[in-house]
Amino acid sequence: MDRRRALGIGLVVVAGASFASGSIFATLSYAEGLDWLTLLGWRFLIGAGLAWAWVAASGSRRRSIRQLSRRQLLVTLALGAVYTGNAAFYYAGIETIPASLAGVIVYIYPVFVAVLSLRFATRLPGRRPWFALVLAVAGIVLALGGVEVGTDLPISGVLLILASAAVYSVWIILSARLSGERRDRLGSDAPAEAPAARDAAGTTAVMMTATAAVFAAMALAAGKPLDPRTIPMPAWPYLLGIGLIASFLAIQALYAGARRIGAAQAALVSTTEPVFIVLLSFVVLDQRLAPIQLLGAGLVLLGVVIAQTSPRPQGAPEPATPLEAEVEG
């Protein structure tokens with residue numbers, strides 16, 4: 001394994017652990033009286049501030065911002081808006097269902113990516129994507145079937161998590177396109193004249209700013225402006241944690257890792273995330289999955305592995321993305 005690939009895998013694992021921490025910080029924040037909209041507004045406000053500080057610290061990162069074409073800037077802002085949907089659905093969902101269960105359900109998203117590729121990208125041969133989808137759905141059924149009888153588990157919470165998975169599958173692919181990934185190359189192989197493909201820091205800062213702006217506007221419209229005086233003091237460590245670890249670090253690491261190994265492989269390596277969620281939920285929140293739910297989680301992860309490791313026709317390029325839209329100016 002070459003150093004570039006090893007670094008890419010390591011970055012995606014770090015991203016998975018960092019994203020997983022968000023579910024824990026959110027659950028702890030809800031216990032202090034915050035709601036999902038206030039939480040996400042502060043999460044991305046803090047994350048965007050850190051991202052711009054990171055950009056400002058490097059001349060090359062500052063240049064990458066100035067070199068963005070108008071089209072690249074617009075698409076980057078659109079990515080931020082798409083990510084708003086993913087985060088909103090997920091964090092609204094874990095207000096009503098346990099974080100450990102949500103972490104299993106949301107991980108159907110790499111299977112969504114594989115199935116979408118049947119229509120929008122290099123097709124995976126045979127019936128493996130459909131078999132993977134069946135396994136993942138069966139795993140979710142088992143995970144839900146493990147909920148104790150009499151437990152109030154709102155179906156709306158489950159549907160919100162599934163919606164988050166669908167939106168996230170689109171976001172991770174679009175972000176890889178912006179990094180320079182195409183049918184015949186990875187993002188790190190993009191030509192030098194594509195500045196957005198060379199430095200993820202600038203585009204990530206723009207994306208998180210767009211996400212923060214949307215959540216701030218939503219909070220204002222809902223009569224819950226982002227006023228620090230309304231935040232209970234015990235909740236601030238969780239807000240800072242989710243902003244630093246689950247936003248700034250996680251998104252930077254995922255984007256940088258996907259540039260090096262490709263979107264499909266990034267989705268495969270990201271299967272570490274639900275493992276981190278289950279472990280952190282157990283250690284920090286004392287949430288436990290029943291044996292049948294663990295079996296369901298295993299089926300979901302098996303489906304992801306099958307979907308993302310399907311053999312390609314001889315001589316075919318690595319399937320890069322399920323979406324055809326170009327983002328270069």
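The values are calculated or read from the model by the stated rules, or taken from the named source; none is laboratory data. These numbers come from a predicted model, not from an experiment. Heads up, the Cβs are rebuilt from the backbone with ideal geometry, glycines too, and the neighbour counts pull from every protein chain shown. With ligands, DNA and RNA removed, areas are computed over all heavy atoms of the protein, side chains included. Shrake-Rupley method; radii C 1.70, N 1.55, O 1.52, S 1.80 Å.
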Would you please classify the overall shape of region 217-265 from the alpha carbon gyration tensor, given that a ≥ b ≥ c denote the square roots of the eigenvalues, rounded means a/c under 1.5, and beyond that prolate means a/b larger than b/c while oblate covers the rest?
oblate
Label region 45-92 by shape, choosing from rounded, prolate and oblate, from the square roots a ≥ b ≥ c of the eigenvalues of the Cα gyration tensor; if a/c is under 1.5 it is rounded, and otherwise prolate applies when a/b is larger than b/c, oblate when it is not.
oblate
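Need one word for region 234-302: rounded, prolate or oblate. Basis is the Cα gyration tensor (sqrt eigenvalues a ≥ b ≥ c); a/c below 1.5 gives rounded, then a/b vs b/c decides.
Values: a/c = 4.35, a/b = 1.05, b/c = 4.15.
Oblate, because a/c is 1.5 or more while a/b does not exceed b/c.
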Listed highest first by mean packing, meaning other Cβ atoms within 10 Å per residue, what order do 24-31, 5-12 come in?
24-31, 5-12
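Pull out the extension gain between residue 96 and residue 7, defined as 0.36 nm times the separation in residues minus the alpha carbon to alpha carbon distance; nm, one decimal.
Full-extension gain reported as 28.4 nm.
Which percent of the accessible heavy-atom area of region 204-278 goes to carbon and sulfur, probe 1.4 angstrom? Before the final figure, lay out the partial values.
Working: 1990 of 2660 Å².
The C+S portion of the solvent-accessible surface of region 204-278 is 75 percent.
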